[in-house]
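Novice: Pasting a structure here, questions to come.
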Amino acid sequence: MQSAVYETSPVDCELDARNFYNAVIEVGFERSADAFLEELQKIEQALGRERNHERNVSRSIDLDLLYFGSERRGDALLQLPHPRITERKFVLQPLCDIAPDLRLPGQTKNVGELLAQLQDQGKITRLTENW
């Protein structure tokens, strides 16, 4: 499943950061969360992302593993669900497109309810349904 693509204002980035494009996809993956993260990092590298970059600085691509079924982790390599998923409209809005009733591990509210309670975080514009 895939969400629409959204153009969003930068959040917690450098002052002159340009708008971002955000979307969420849900895929089945037979191996571990660690193996999936490794595959995401290979895609980022193939698309020109530098592994060593400053935190909260714009990058050419950023693929995040938001959740992995009911798995919960908090180690240095991987945190599941993503630690800021419930705080970011640019993540929750596209996730709500594909799974509004999803209850993330450790949450009492579903994705739609989490999105509804967020404060305004700048402009977010739905660009397209299909990509």
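The values are calculated or read from the model by the stated rules, or taken from the named source; none is laboratory data. This is a predicted model, so every value here is computed, not measured. Neighbour counts are summed over all protein chains in view; Cβ atoms, including those assigned to glycine, are modelled from backbone coordinates with ideal geometry. These accessible areas exclude ligands, DNA and RNA; they are computed on the full protein's heavy atoms, side chains included. Shrake-Rupley method; radii C 1.70, N 1.55, O 1.52, S 1.80 Å.
Novice: Which count do you get for residues in segment 6-16 that are within 20 Å of Leu92 (Cβ to Cβ) and either open to solvent by 60 Å² or more (accessible area, probe 1.4 Å) or in a loop (DSSP other than H, G, I, E, B) (or both)? Let's see the steps before the verdict.
Specialist: Step one: filter segment 6-16 for residues within 20 Å of Leu92 (Cβ to Cβ), giving 6-13.
Those left that are additionally either open to solvent by 60 Å² or more (accessible area, probe 1.4 Å) or in a loop (DSSP other than H, G, I, E, B) (or both): 9-13.
Count: 5.
Novice: Give Ala46, Ala33 a once-over and let me know the one that is touching a Phe, Trp or Tyr at 6+ places or on another chain (Cβ under 7 Å) and farther than 27 Å from Asp120 by Cβ.
Specialist: Working: Ala46 fails: touching a Phe, Trp or Tyr at 6+ places or on another chain (Cβ under 7 Å).
None of the other options fit; the residue is Ala33.
Novice: Separate question: May I ask you to list the residues in segment 87-104 that are of a type outside the set (A, V, I, L, M) and either in contact with a Phe, Trp or Tyr (Cβ under 7 Å, 6 or more places away or on another chain) or modelled with pLDDT under 95 (or both)?
Specialist: Glu87, Arg88, Lys89, Phe90, Gln93, Pro94
Novice: Of the residues that make up segment 106-129, is at least one closer than 19 Å to Gly28 by Cα, surrounded by fewer than 13 Cβ atoms within 10 Å (Cβ to Cβ) and modelled with pLDDT of 90 or more? Quick ask: steps written out before the conclusion?
Specialist: Within segment 106-129, the first condition is being closer than 19 Å to Gly28 by Cα, and the residues that meet it are none.
No: zero hits.
Novice: So the check is Cβ under 6 Å with 6+ separation or different chains; which pairs have a first residue in segment 93-110 that's free of Cβ contacts under 8 Å to residues at least 24 places away in the same chain and a second one that's open to solvent by 50 Å² or more (accessible area, probe 1.4 Å)?
Specialist: Asn110/Asp101; Asn110/Arg103
Novice: Still on this structure: Sort through Leu77, Leu66 and tell me the only one that's touching a residue at least 40 places away in the same chain (Cβ under 8 Å) and either within 19 Å of Gly106 (Cα to Cα) or of a type in the set (Val, Ile, Thr) (or both).
Specialist: Just one listed residue meets the conditions, Leu66.
Novice: Please verify whether Ile98 is closer than 30 Å to Leu15 by Cα and either exposed (fewer than 13 other Cβ atoms within 10 Å of the Cβ) or not hydroxyl-bearing (Ser, Thr, Tyr) (or both), treating the condition exactly as stated. It would help to see each step written out before you state the result.
Specialist: On the way: closer than 30 Å to Leu15 by Cα: no; either exposed (fewer than 13 other Cβ atoms within 10 Å of the Cβ) or not hydroxyl-bearing (Ser, Thr, Tyr) (or both): yes.
Considered against the rule, which asks whether it is closer than 30 Å to Leu15 by Cα and either exposed (fewer than 13 other Cβ atoms within 10 Å of the Cβ) or not hydroxyl-bearing (Ser, Thr, Tyr) (or both), Ile98 comes out as no.
Novice: Taking segment 24-67, which residues are surrounded by 10 or more Cβ atoms within 10 Å (Cβ to Cβ) and small (Gly, Ala, Ser)?
Specialist: Ser32, Ala33, Ala35, Ser58, Ser60
Novice: Among the listed residues Leu104, Leu65, Leu114, identify the single one that is aliphatic (A, V, I, L, M), under 22 Å from Gln2 (Cα atoms) and not in a loop (DSSP other than H, G, I, E, B).
Specialist: Working: Leu104 fails: not in a loop (DSSP other than H, G, I, E, B); Leu65 fails: not in a loop (DSSP other than H, G, I, E, B).
Step by step, each of Leu104, Leu65, Leu114 is checked, and only Leu114 is aliphatic (A, V, I, L, M), under 22 Å from Gln2 (Cα atoms) and not in a loop (DSSP other than H, G, I, E, B).
Novice: Report, by residue number, each residue of segment 68-95 that is buried (at least 18 other Cβ atoms within 10 Å of the Cβ) and either more than 22 Å from Val5 (Cα to Cα) or of a type in the set (A, V, I, L, M, F, W, C) (or both).
Specialist: Of everything in segment 68-95, those that are buried (at least 18 other Cβ atoms within 10 Å of the Cβ) and either more than 22 Å from Val5 (Cα to Cα) or of a type in the set (A, V, I, L, M, F, W, C) (or both) turn out to be Phe68, Leu80, Ile85, Phe90, Val91, Leu92, Leu95.
Novice: From (1) within 23 Å of Asp12 (Cα to Cα); (2) at pLDDT 95 or above, pick out the condition that doesn't hold for Arg31.
Specialist: Here Arg31 meets the rest and fails (1).
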